[in-house]
Amino acid sequence: MAKKTFENALARLEQITAELEDGEQGLETSLKKFNEGIELVRFCNQKLAEARQQVDLLLNEGGTLRTVAF
């Protein structure tokens, strides 16, 4: 299995969303996909938080942290 990346997780999350919106799956399958989606959202949020910390470190000027809105 390929290494889990933000991009792969986001693509899978988009796929799950489309499948759930389609409404073709049964309740049990939909719940499994929903739970997978929740885990993917948590993973993506963690990766985004890590990226933000890296950006904040790069913006550290003269010992003072300066944050800039994206």
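Want the number for residue 33 to residue 18: 0.36 nm per residue separation, take away the alpha-carbon distance, what's left? Numbers along the way, then the final one.
On the way: separation 15, 0.36 × 15 = 5.40 nm, distance 1.08 nm.
Result: 4.3 nm gained on full extension.
At R0 = 25 Å, how high is the FRET efficiency between residue 3 and residue 58 if r is their beta carbon distance? Nearest 0.05 is fine.
Working: r = 24 Å, r/R0 = 0.97.
Taking R0 as 25 Å, the efficiency between residue 3 and residue 58 is 0.55.
Give me the aspartates and glutamates in straight-line cross-link reach of residue 33: C-alpha distance below 16 Å, same-chain residues under 8 apart excluded.
Within the straight-line cut-off, residue 33 pairs with 14, 19, 21, 22, 24.
Every read-out reported here was derived from the displayed coordinates using simple, explicitly stated rules and does not represent laboratory data. Just so it is clear, the model here is predicted, and its values are computed rather than measured. We place every Cβ from the backbone using ideal geometry, glycine too, and count neighbours over all the protein chains shown.
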